[in-house]
Amino acid sequence: MNIIVKRILGIGLFSSCLIFLLSGCYETHYYNRYHHHTRDWYDRRHEPPPAGVDFNIDVDRR
């Protein structure tokens, strides 16, 4: 019985670590793919944004 509990805890710990690491990989991929749509990305490279992109968005605050 004690061996079974240790194996279950080991598998649970391994699965938790794997899920944590894979979620970090996906977050890094998402950031690297979509972060270039910010004004800072274009400013650092001294490039104009694509046609039709307007960073000056009027926000209606009430």
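A 1.4 Å probe run over the chain, with the rest of the protein chains in place, finds 102 Å² accessible per residue. Angle check, please: helix 2-34 long axis (alpha carbons) against the longest principal axis of the chain (alpha carbons), in degrees 0 to 90, nearest 10. Orientation of helix 2-34: about 10 degrees from the principal axis. Projecting the Cα positions of His29, Ile3, Pro49 onto the charge dipole of the chain (unit charges on Cβ atoms of Lys, Arg, Asp and Glu, taken about the Cα centre) puts Ile3 furthest along the positive direction. Solvent-accessible area of the chain (1.4 angstrom probe, protein heavy atoms only): carbon and sulfur portion equals 62 percent. Each other residue within a Cβ distance under 14 Å of Leu13 adds +1 if Lys or Arg and -1 if Asp or Glu, for a net charge of +2.
The values are calculated or read from the model by the stated rules, or taken from the named source; none is laboratory data. The structure presented is a predicted model; accordingly, all values stated were derived computationally and were not measured. As a convention, Cβ positions derive from the backbone with ideal geometry for all residues, glycine included, and neighbour counts pool all protein chains shown. When the accessible area is computed, the model is the full protein with side chains, heavy atoms only, and any ligands, DNA or RNA have been set aside. Shrake-Rupley method; radii C 1.70, N 1.55, O 1.52, S 1.80 Å.
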